[in-house]
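The values are calculated or read from the model by the stated rules, or taken from the named source; none is laboratory data. As the structure is a prediction and not an experimental result, all values here were calculated from the model. Cβ atoms come from the backbone with ideal geometry, glycine included; neighbour counts cover every protein chain shown. Note: accessible area is taken over every heavy atom of the protein model, side chains too, but ligands, DNA and RNA are not part of it. Shrake-Rupley method; radii C 1.70, N 1.55, O 1.52, S 1.80 Å.
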Amino acid sequence: MVNAGELHGLKFLVTSRPDPRLADLCKSFSTDAVCRLFDVAEEEIKGDITKYLQAELPMLKAQPRFAEL
């Protein structure tokens, strides 16, 4: 179903501590299907988190510690 394109854009987020079984399973995916957080530039990550917090928690924007998040 996914390979047939019926669920185009469907994404899964998997987080874990290092687990050899999970790592082996992920190795079976095509390289363009896996994005590892440590492969993404830190500034891009911070920007994404900031956008999310501003959109989902706008009441925190005025808080002095918001910039520290």
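Just a few scattered comments:
- With semi-axes defined as the square roots of five times the eigenvalues of the C-alpha gyration tensor, the equivalent ellipsoid of region 29-69 measures 28, 11, 6 Å, largest first.
- (1) 15.3; (2) 12.8; (3) 14.0, with the label sought being that of the calculated Kirkwood radius over Cα pairs in Å: (1)
- 1.4 Å probe accessible area per residue over the chain, in Å²: 99
- Helix 42-56 and the longest principal axis of the C-alpha atoms of the chain enclose an angle of approximately 70°.
- Theoretical ellipticity at 222 nm over the chain - DSSP helices of four or more residues, -39500 (n - 2.57) apiece, nearest 500: -10000 deg cm²/dmol
- Sorting 15-24, 44-53 by their mean Cβ neighbour count within 10 Å, with the most densely packed peptide first, gives 44-53, 15-24.
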